1. I'm told D:Ser79 meets every condition in (1) under 13 Å from D:Ala151 (Cβ atoms); (2) modelled with pLDDT of 90 or more; (3) open to solvent by 50 Å² or more (accessible area, probe 1.4 Å) except one. Can you identify the failing condition by its number?
2. Tell me, which residue of the stretch C:178-195 that is closer than 22 Å to C:Ile72 by Cα and touching an Asp or Glu at 6+ places or on another chain (Cβ under 9 Å) is modelled with the lowest pLDDT?
3. Run down A:Asn32, A:Asn38 and say which single residue is in contact with a helix residue (DSSP H, G or I) (Cβ under 6 Å, 6 or more places away or on another chain), farther than 21 Å from A:Arg107 by Cβ and within 14 Å of chain C (Cβ to nearest Cβ).
4. Determine whether the stretch A:200-207 contains at least one residue that is away from chain C (no Cβ under 13 Å), closer than 29 Å to D:Phe75 by Cβ and buried (at least 21 other Cβ atoms within 10 Å of the Cβ).
5. Which residue is surrounded by the most Cβ atoms within 10 Å (Cβ to Cβ), if the candidates are limited to the stretch D:14-33 and must be within 14 Å of chain B (Cβ to nearest Cβ) and within 19 Å of D:Glu222 (Cβ to Cβ)?
6. For the stretch D:133-164: of the residues being acidic (Asp, Glu) and touching a residue at least 24 places away in the same chain (Cβ under 8 Å), which is nearest to the other protein chains (Cβ to nearest Cβ)?
7. I'm told D:Asp61 meets every condition in (1) open to solvent by 50 Å² or more (accessible area, probe 1.4 Å); (2) touching a Lys or Arg at 6+ places or on another chain (Cβ under 7 Å); (3) within 12 Å of chain A (Cβ to nearest Cβ) except one. Can you identify the failing condition by its number?
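The values are calculated or read from the model by the stated rules, or taken from the named source; none is laboratory data. What you see is a predicted model; the values in this text were computed from it and never measured. All Cβ positions, even for glycine, are placed from backbone atoms using ideal geometry, and neighbour counts span all protein chains on display. Side chains included, ligands, DNA and RNA excluded: accessible areas come from the protein's heavy atoms. Shrake-Rupley method; radii C 1.70, N 1.55, O 1.52, S 1.80 Å.
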Amino acid sequence: MNIELFFQYLVAGLTYGTIYAIVAIGFNIIYNTTGIINFAQGEFVMLGGMIAVTMNKFMPLPSAILAAVTLTMILGALIEIVFIRWLVKPSVLRMIIITIGLSIVIREGALHIWGESVRALPYFTGTEVSSIAIGGVFISPQVLWVIGVSSIAVVALNLFFNYTLPGRQMRACSANRDAARLCGISAKNMVTLSFVLSAGIGALAGCVVSPITYVQYDSGTGLAIKGFTVAILGGLGNSMAAVAAGMMLGILESFSIWVMPTAYKDVISIAILLLILFVRPSGLFGNKEAFSLKEF
Amino acid sequence: MALLEVKDLSRAFGGLQAVNKVSFSVKKDTIKALIGPNGAGKTTLFNLVSGMLPPDSGSIIFNGEPVHGFPPYRTASKGIARTFQHVKLFPRMTALENVMIGRHTHSKAEFIPCMLSLPWTWREEKQIRVKSLEIMGFLGISAFAGNEAASLAYGQQRIVELARALACEPALLLLDEPAAGLNMRETAEIARLITKIKEMGVTVLIVEHDMSLVMDISDEIIVLSYGEKIADDVPLAIQRNSEVIRIYLGEEDA
Amino acid sequence: MNFHKYLPIAALISAVIAIQLLTYFTGSAYMLTQLTMSAYYSLVIIGLCILMGYAGQISLGHAGFFAIGGYISAFLTTCNLLPYRSHSLVSLFSKAGLLNMSEDLYGGQALHFHPWAACVMAVLFTIIAAYCIGGPVLKLKGHYLAMATLGFGIIVYRIVLGTSFFGAADGLSDVPSFVIFPGLEVSGKSSVRIQNYYIASGLVIAGVIILLNLINSRIGRALRAIHGAEDAAGAMGVNTAKYKLHTFVLSAVFASIAGVLLTHYNGGIGPSEASVMKSVRYVAIVAIGGMANLWGALLMGFLLNFLSLRGYFGSFDDAVFGSILIIIMLFAPEGLLHKNSFRGIKKIFSHTTKEEGQA
Amino acid sequence: MLKIKNLESGYGKLKVLKRVSMHVNPGEIVTIVGSNGAGKTTLLHSIAGLLKARSGEIIFDGQDILRLTTEKIVFMGCSLVPEGRQVFSTMSVKENLLLGAYVQYRKKQKERVRADLERIYDLFPILRERERQLAGTLSGGEQQMLAIGRALMAGPKLIMMDEPSMGLAPLIVKDIFHIILKLRNEGNTVLLVEQNAKAALSIADRGYVLETGRIMLQGSAEDLLSNKDVQRAYLGRDIDSEVELKL
């Protein structure tokens, strides 16, 4: 094994791992306030990338990204207000089916708007071929963008949930909705806020990764599965653990290419998902006790 | 002879020792009560006996046979039936259908015979129905056999749950706070039914907070505190036990 | 024995015959092709209905079982064993009468598995797979169960898509017709169109009878109990894990049989049959039918598959199913054919806030 | 302080409350007793806005709150301690209490929060000890204290309690009732719903008897305690039982 190649794979793994972690955090935000897994989370990522690509035709890159994130956040709010807000105590099964339906409709909508073609944003700095050499390993500057932006987002979210009042309110709603309302917290606004946040972070992820992974109308589903795998791996609702789990999955996938055909790459991550669900559904880092306190 | 023999039973959750080396026995044809402050491990002990939880250590001997670590459906088929602290009926089924589920351990038609609707499965189904109606009659709830369980009043749901447990024809009946959420009249009715059930030859183990009910109907009482047994005696002795008074019943003029 | 129990079955048989006569007299016999296909899909749907509606376990991977049935049957009946003739295993199969010789397009000889043998092996494999998957999967609940079954479906999809001997993206074709016994064959030839319509419908009717018997038995009651309160069902002596698993396997077998026969009928199978969208579609139809409503699932299975196959939804096919899912779950979670289905719509216009219980 | 006129409320088709009228004066403990299913919890949920009432009037502090959301009602100073100790089990004790003070933050009275927190810790010393523990790991009695403390953090004018004794051992029930008395003595107004009629009436100033959705009796606590019908229906067994709950 060549040491340079090893690091090349490692960096690729870390990059994908970061992306998965970001998608997983999107899942966690909505799960934490509503107890719902939003099966349309991957579609937010896709929309972020697609809208940014379209907007970039009319405006410079930073404003295109800003516009994409804002528009996706608005869409997230709309989805919550139109489809979720007025349901009183819907069953888990019902919510699963509604969000699956939403993901299909968004995807089909994207197909009709943008067609089947594959798009990408330009590299934020440099081009496809430019690279930074770190100790003999060549890294695309976009990789640094992905890792940097994601890290900032993760830290910011963590501070938000643990040290700000709205963050605590969102956690209270996740723990017990009626009790939160009795504290004067508007549970419904919190749920809307969680959809906005998770749509925003999903769209942001969609923008930063699109130069590397490209984006297509159906690229959300795959990412959603990976993101969910990571969310479960880390323990549902635990965003810091999701980051670690994301790295693990990314690296594992990246190295799996050595032993398996590329076509089976996705099979690896799903097999891991199933394995972890069977063996330890509270996640690798999940606290079993806290897990048993949660209601389903 | 003891119907149920519990020895050194322990169970912890995380760091918390919910049940710690508890031993006791329940004699045949008696009512035994389990009391103690909240968090004393009463419900955990119940869940261990009925198989809802596996114990960490210790043994449960029922009818001379070890049953610890059995899944609930197996302890049920051995003859241990239970009710729940918060009534757990099957909400979308009728009261009668709920009771008919209780006959599950006494019928045997499996997938293939049922799919082919073999004649003997009809006969079995008829027997299940007749027996269930009989039990509902015994408890005086035949009138709403056809009502959906979720539409019944709370007190009625409690009795349907009792009927469902009785339909198992258990040797041992576990009742988890049967009077919780009931008013005085309904509590008196439950007390009457429990005594009647004992007379039918069913041994009863009961967890209850309502002291007057417990003192009235039980033959023996176990007191738990912080997962440990602190007393096991007849009701009168329990009332005079200074330790029990200090921990649970409360001094007269504290 | 009560007669009215068999009335709906009689009505179903009459409807099947009436539809055939109708197509005959209106000269639209070509529609029987889509009706036959719809019937096979309905078989998947009534199987899933038992699992979802009665036992309360969601499966987002049922297209996987359909594909397992279809692909194994297609593979065994198309792969030429002639070059391996001298291999001991092949000669063993041959002696057991599992193989038959046929001529391929160019007049060469080819040695395949007999469709009957292939069918039995496909269903057996499905049963094994369903037991292996179902065992651990059904211990999960809610989102976890949904994701695990979805994961299973995706694995099957990825495998058939990425494996060359399953034809990768092209799928398998030239699957021979399935001669059930001389004179009765499952195939897409227009000469046997009516015959095939009745084979498929007959299978659906048999399936409905079997499942109705199950629903109205001790087992059906136990399944509804599991759906209502699983731990209470366990405490009453119902072996919940076993019953859920058997129901899962049963519904997988329904899907697999449908997969085998539809593959023979169409003469091939492609990876899209294993796609997540197919699984979601099956769930959607069961939901529209009203979850715990076998007749609703059956009717919707026939109707929506027929409309979809006839191309009424155009390029919006998937979007239509997605929208149906959302609308049904928002306004009529009890399904369209439920007596209270319009309560949901009324709810928007009134101020009542009480909601239905947890499903 | 609270005045209810002809309140009708229920779930779906089921009408639980039928023309209920009652009132609570500032500084008193009013208790509502009645058997299960009489509509006690429905009444509290209707006042707190968790359940939208059909018709009638609920005047709190001079304003009709019938159509207001729970959040607004809490903001106005009417807090409910829900049945079954619904604490935020995955958050620490302190976080629970701080969330109770959310109304104070919105009223821009941040400085009050610290003092209130101290007050609650003085009232329930056990909560100070368990400050960093997850609420879900507390015992039943401690959770009930936390739930009461959380409601008090909002600085309510009226505090409503739904079955605070439910599922608690007699000794702890006694503690809880002592605390309710103490709250009243500090000038709080309490609306108490209880299954344990005898205990509730022994600390209350006035009481209402709710039976199948209607107010059947009302009066001072002593009158109700000595009322023959009440004794027979709700106190009967307690009177001659050997183990009494004495306060």
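1. (3)
2. Ranking the candidates gives C:Val179 first.
3. Just one listed residue meets the conditions, A:Asn32.
4. Checking the stretch A:200-207: at least one residue is away from chain C (no Cβ under 13 Å), closer than 29 Å to D:Phe75 by Cβ and buried (at least 21 other Cβ atoms within 10 Å of the Cβ).
5. Residue satisfying both the conditions and the ranking: D:Val33.
6. Looking at residues that are acidic (Asp, Glu) and touching a residue at least 24 places away in the same chain (Cβ under 8 Å), I get D:Glu163.
7. (3)
For every residue, the table says whether it meets (1) without any contact (Cβ under 8 Å) to a residue 60 or more places away in the chain; (2) assigned to a helix (DSSP H, G or I); (3) open to solvent by 10 Å² or more (accessible area, probe 1.4 Å); (4) farther than 14 Å from A:Asn238 by Cα.
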position	(1), (2), (3), (4)
A:Leu10	no, yes, yes, yes
A:Tyr16	no, yes, yes, yes
A:Ile19	no, yes, no, yes
A:Gly26	no, yes, no, no
A:Ile30	no, yes, no, no
A:Phe44	no, yes, no, yes
A:Gly49	no, yes, no, yes
A:Ala52	no, yes, no, yes
A:Met59	yes, no, yes, yes
